[in-house]
1. Go through region A:129-157 and report how many residues are under 17 Å from the mean Cα position of the chain (by Cα), away from the ligand (no atom under 15 Å from the Cβ) and modelled with pLDDT under 95.
2. Quick one: would you say B:Phe43 is surrounded by 14 or more Cβ atoms within 10 Å (Cβ to Cβ), more than 30 Å from A:Gln85 (Cα to Cα) and not charged (D, E, K, R)?
3. Could you check, for region A:397-414, whether at least one of its residues is away from the ligand (no atom under 13 Å from the Cβ), assigned to a helix (DSSP H, G or I) and either touching a residue at least 60 places away in the same chain (Cβ under 8 Å) or crowded, with 23+ Cβ neighbours inside 10 Å (or both)?
4. When you check A:Leu268 against the structure, is it of a type in the set (A, V, I, L, M, F, W, C), outside any loop (DSSP other than H, G, I, E, B) and in contact with a helix residue (DSSP H, G or I) (Cβ under 9 Å, 6 or more places away or on another chain), yes or no?
5. Would you check which residues across region A:418-440 are modelled with pLDDT under 90 and closer than 15 Å to A:Ile377 by Cα and list them?
6. Scan region B:49-63 and give yes if some residue there is more than 21 Å from B:Lys135 (Cβ to Cβ), surrounded by 16 or more Cβ atoms within 10 Å (Cβ to Cβ) and in contact (Cβ under 8 Å) with a residue 40 or more places away in the chain, otherwise no.
7. Scan region A:57-64 and tell me whether some residue there is more than 16 Å from the ligand (Cβ to nearest atom) and part of a helix (DSSP H, G or I).
8. Just to check your reading of the model, which residue among A:Ile227, A:Ile236 is modelled with pLDDT under 95 and closer than 23 Å to A:Arg353 by Cα?
Amino acid sequence: MSPKTLYDKIWDAHVVHQAEDGTCLLYIDRHLVHEVTSPQAFEGLRMSGRKVRAPERTIAVPDHNVPTTEGRDNPETMPEDSRIQVAALDKNARDFGVNYYPVSDIRQGIVHIVGPENGWTLPGMTVVCGDSHTATHGAFGALAHGIGTSEVEHVLATQTLIQSKSKNMKVEITGKLAPGVTAKDVVLTIIGHTGTGGGTGYVIEYCGEAIRSLSMEGRMTICNMAIEGGARAGLIAPDQTTFDYVKGRTHAPKGAQFEAALDWWKTLYSDDDAHWDKVVTIRGEDIAPTVTWGTSPEDALPVTAEVPAPESFKGGKVEAARRSLDYMGLTPGQKLTDIEIDTVFIGSCTNGRIEDLRAAAEVLKGRKVKEGMRAMIVPGSGLVRAQAEEEGLAEIFKEAGFEWRLAGCSMCLAMNPDQLAPGERCAATSNRNFEGRQGRGGRTHLMSPAMAAAAAITGRITDIREFTAAEAV
Amino acid sequence: MEKFEKFSGVAAPMPLVNIDTDMIIPKQYLKTIKRSGLGVSAFAEMRYDDEGNEIPDFVLNKPAYRDSQIIVAGDNFGCGSSREHAPWALADFGIKVVISTSFADIFYNNCFKNGMLPIVMPQEVVDVLMQDAEKGQNARIEVDLEAQTVTTSEGESFTFELDPFRKHCLLEGLDDIGLTLEKATAIDTFEGQIAQSRPWV
Ligand code: SF4
């Protein structure tokens, strides 16, 4: 047998039919659904009198539009168009009989946090969702990608997707990560290195010692942003860390079935001599705590750097950088650590999991946010929220002066009332710093939860290493 | 999807080049839960003033063109964002055919997914059709997909090229889903296999 990559193996295990031109009909094991990209798909089913083929493999949860403030069970708290989208999901989920976590359910949360947390996402699966950050699930060694509304309908009706195969790309992070460096810093560094187009046409497998040493939470942070590097999907081969995480989750296999699954999962890795169309290698030791300065995730630099001059770039990027700096209100040469912050947002499917909240709490313990700072923590799911309360993290956040919110996408994309005002500058743990992403005219700096927490205290972008060092004195 | 049958209809002349999907359906209409109902908002910014009143000069507001089923357009129709709301809005308005010298790729593909026929014609032919469309209500243009012809109100006929597979799908009313469902047995078999090999899925 010819050697295969992990991607090849998962792909081959899901081909229902292959057309002459090589296009495949792939079987989809899990279909996640949220309220924004699904209504027209369900409407299409109704119009053509079709059913959901595999409701037991379909999981729906409202997240993008929902308010994250108390009392949100009352639909009056939502603007009308959001209320209609959430109500439509409610009706569609019930009419078509798919698994559903309504706003009132403690398991509700951001779709990419809910799937893994409840054991829906398992190694070797194909996972799709009408959402570009579906790549998150690749952390389990599942082939996961975002799809459009017509494709959502296609998957609902047929449990398959028409796909042509991407190329294989390997991103290897060797060695160990330095203290203060997290998964978020790793992925921002990778994108800074490859650019937002570097992964276009590829499925990326992240490997190397530094990746292996990450927890499942950290791995999800990495794969979440594969799409920001242009890749169709990101993958990390499953190992003991993965199996330990999955074991015992509600929808994961149990007993003998778990053992059988494990036997297969252990075969899911890229063969030694597998062919790679592109390889990128970065030394783990070289990665510093990283933040973004511009309006593209590729505008990432070590926190010790200065705002770059547009002329330091080449081609179209010169003009783009000029526009970015203008939008961000920054001047070349300014130290990143001198940039003052108005607002801190900790949450999203990139960094809204329990480990992220623990990292933030460690920084915030016994401290207060800077006066005038608007600071909020939005846990990724109701279960994350409950756990954080049990561990006493919520108390730390509240005492530090953070708002402690209910689960949802919130200020990651500002579709609900959580938005930046024009010119407001935010340290955010989410994944996109595009113009207007967090509210019209809002300015976003992406960073890790610990760095965002530190910024809330000092009021400016802060090197977490100095912060901890200062504390030790 | 409905089968695409031969018909004759009023054609609206829109000689503007680069009509993008933002013009076809502006972004404030994307927070909808339906693909139907977007017809009233098609071309909203060209069609209505700030108070929401119709701008009488806009072609689709003119009495002769209110029921247009065809658009004859300038080059590069449907460029810009990939939003599927653009073909949804046109289809909901009642448009079945758009004729131009060229289309943006994604829009072109999205048309077929929604039962619409985009027709590419050389500039000279588009010019003739544009003139015919200018005549308004009494000048109905005929589109015959089977024969791959477009015929003006004067009886002048032009043929157009089309991928045979796409033609077949439109004629039979087959969408991607319909086509995949033709492979339902293969899907059944596959599900049977994984029930054995990966029962935990
Ligand atoms: S948290 Fe942000 S990136 Fe993640 S699904 Fe929600 S809106 Fe998308």
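The values are calculated or read from the model by the stated rules, or taken from the named source; none is laboratory data. Predicted model only: the values in this text are computed from it and were never measured. Every residue, glycine as well, gets a Cβ built from its backbone with ideal geometry; the counts of neighbours run over all protein chains shown.
1. Let us first name the residues in region A:129-157 that are under 17 Å from the mean Cα position of the chain (by Cα), namely A:129-147.
With the extra rule that they be away from the ligand (no atom under 15 Å from the Cβ), the set shrinks to A:140-143.
Retained after the next criterion (residues that are modelled with pLDDT under 95): none.
So the count comes out to 0.
2. On the way: surrounded by 14 or more Cβ atoms within 10 Å (Cβ to Cβ): yes; more than 30 Å from A:Gln85 (Cα to Cα): no; not charged (D, E, K, R): yes.
No; evaluated as a whole, the condition is false for this residue.
3. yes
4. Values: of a type in the set (A, V, I, L, M, F, W, C): yes; outside any loop (DSSP other than H, G, I, E, B): no; in contact with a helix residue (DSSP H, G or I) (Cβ under 9 Å, 6 or more places away or on another chain): yes.
Taking the combined requirement at face value, the residue does not satisfy it.
5. A:Asp418
6. Just the residues of region B:49-63 that are more than 21 Å from B:Lys135 (Cβ to Cβ), to begin with: B:49-55.
With surrounded by 16 or more Cβ atoms within 10 Å (Cβ to Cβ) added as a condition, the list becomes none.
No, that holds for no residue.
7. Just the residues of region A:57-64 that are more than 16 Å from the ligand (Cβ to nearest atom), to begin with: A:57-58.
When the remaining residues are screened for being part of a helix (DSSP H, G or I), the result is A:57.
The answer is yes; a qualifying residue exists.
8. Details: A:Ile236 fails: modelled with pLDDT under 95.
Result of the check over A:Ile227, A:Ile236: A:Ile227.
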